[in-house]
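What follows is a single structure, written as structure tokens, with notes after it.
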Amino acid sequence: MECPEGGGSQPSWRCPGLIYRAFSQEESKELDVQNQGSHKAKAFLEAFLKRSMPHMTEAKLQGHLHHKAVVLEYFPPKKPKERKRKSKGFSAKQRRELRLFEIRPEQQRYNLFLPLHDLWKQYIRDLCNGLKPDTQPQMIQAKMLKADLHGAIITVTKSKCPSYVGITGILLQEMKHIFKIITKDDKLKVIPKLNCVFAVEIDGFISYIYGSKFQLRSSERSAKKFKAKGTIDL
């Protein structure tokens, strides 16, 4: 190859700024590259490295040849991730139309839900570590405010509507503003939380719930911090 700078015929690796190109078949025959011996192959390799990496010294080139291993890896092309579509649940209107939470008349029987009440009692005992006689009532009250009340026997002790006072039964459904209770005479009662006070009794401990301060869904109530303060309203 001829060096474009200064002219003359000299090895291409000595020409600064020259970009390496592969020899053609005719050029390799002329330079005897294809059929050269081991000595010539070594000299060609060293010349090739010097030309390709002019910034490296002779010692670094030798170290690169003897101590470095070139690992050829194949990285398959990454497939685009498919976005998973989240299944949408029913809206509140659709749930009402399908009557998903409606208790059918043939299911409105007090004895049918007694096993649910037994499960609820065991749940509260585990939640309050056994409900021992020396257990502090304040601790039980705090646990009851955040507990799931489905299956509890609750009683309306006070209400601005006198017809609600004295109603007792197993709580079947708790919504944001109402309790649905099944009484012993197999009647389903819908009691509003507003302006009512409810009592929940278990193993001799009685907890009072002010419905006006309790207007939350059960899922929201479990994360709410209730403050201990006096009240004069129902």
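Let's see how each residue does on (1) in contact (Cβ under 8 Å) with a residue 40 or more places away in the chain; (2) under 22 Å from residue 217 (Cα atoms):
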| position | (1), (2) |
| --- | --- |
| 118 | no, no |
| 143 | no, yes |
| 158 | yes, yes |
| 174 | yes, yes |
| 187 | yes, no |
| For region 154-171, what are the residues that are surrounded by fewer than 20 Cβ atoms within 10 Å (Cβ to Cβ) and either in a strand (DSSP E or B) or out of contact with any Pro (no Cβ under 9 Å at 6 or more places or on another chain) (or both)? | 155, 157, 158, 160, 162, 163, 165, 166, 167, 168
| task | Residues that are modelled with pLDDT of 75 or more, under 30 Å from residue 189 (Cβ atoms) and under 56 Å from the mean Cα position of the chain (by Cα): find the helices (runs of 4 or more DSSP H) completely inside region 29-109 holding 1 or more of those. | result | 92-98
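Just name the residue that is farthest from residue 211 (Cα to Cα) out of those in region 183-198 that are over 37 Å from the mean Cα position of the chain (by Cα) and not in a loop (DSSP other than H, G, I, E, B).
188
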| field | Checklist (1) in contact with a Lys or Arg (Cβ under 8 Å, 6 or more places away or on another chain); (2) within 29 Å of residue 92 (Cα to Cα) applied to residue 153, failing item | value | (1)
| task | Can you work out which of the residues in region 199-212 that are outside any strand (DSSP E or B) and either at pLDDT 90 or above or under 38 Å from the mean Cα position of the chain (by Cα) (or both) is farthest from residue 158 (Cα to Cα)? | result | 212
| field | From 145, 114, 131, 119, residue being outside any helix (DSSP H, G or I) and not charged (D, E, K, R) | value | 131
| task | Collect the residues in region 172-182 that are more than 14 Å from residue 210 (Cα to Cα) and part of a loop (DSSP other than H, G, I, E, B), keeping them in residue-number order. | result | 175
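The values are calculated or read from the model by the stated rules, or taken from the named source; none is laboratory data. Quantities reported herein were computed from a predicted structural model and do not represent experimental measurements. A quick note on method: Cβ atoms are made from the backbone with ideal geometry, for glycine too, and the neighbour counts reach across all protein chains shown.
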